[in-house]
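J.: Structure incoming, see below.
Nothing in this text is a laboratory measurement; each read-out follows from the coordinates by a stated rule. Note that the coordinates shown come from a computational prediction; the quantities given were computed from them, not determined experimentally. Neighbour counts run over all protein chains shown; Cβ positions are idealised from the backbone, glycine included.
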Amino acid sequence: SDLDFNQYFSLSIPRGCEVEALEIFTPDVMQELIAKCKSLNLEIVNSHLFIYAYGVLSSKDSVDVLYDVADFFAKKLGPVLARMKKPTDALAGITNNSFNH
């Protein structure tokens, strides 16, 4: 739910891009972020998705998580972002709340 999402993440959305953000952050996308990205930060800059992991990725499993997240976003959000005039404006960043404390 939205409440659960807000417990884990803070979303930066530039003014005037709220509609685009709603197109991107559907309930299934938010649930995927909660399930797989609790230890990650994500950012869209110039049509590129950056996934940040804090600390050292010391196992194949930790690297596989990054690939799974990137694959999910490419398949799920690629078509949505392609329809938007300025997809990079719709999302300044998804910040993991645990890194803000």
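J.: Could you bin all the Cα-Cα distances of the range 1-40 into 5 Å bins starting at 0 and give me the percent of pairs in each, rounded to whole numbers?
T.: Result returned by the calculation: 5, 23, 33, 24, 13, 2.
J.: Set the Förster radius R0 to 22 Å, insert the Cβ-Cβ distance between Val80 and Arg15 as r into 1/(1 + (r/R0)^6), and round the FRET efficiency to 0.05.
T.: 0.60
J.: State, to one decimal in nm, how far the label point of Ala70 lies from the label point of Glu43, with both points 7 Å from Cα in the Cβ direction.
T.: 1.7 nm
J.: I've got another one for you. Working out 0.36 nm times the residue gap between Thr26 and Tyr8, then minus their Cα-Cα distance, what length gain in nm do you get to one decimal?
T.: Result for the pair: 4.9 nm of gain on full extension.
J.: By a straight-distance test (C-alpha under 13 Å), which aspartates and glutamates pair with Lys38 as possible cross-link partners, with residues fewer than eight away in the same chain excluded?
T.: Within the straight-line limit of under 13 Å, Lys38 reaches these aspartates and glutamates: Asp4.
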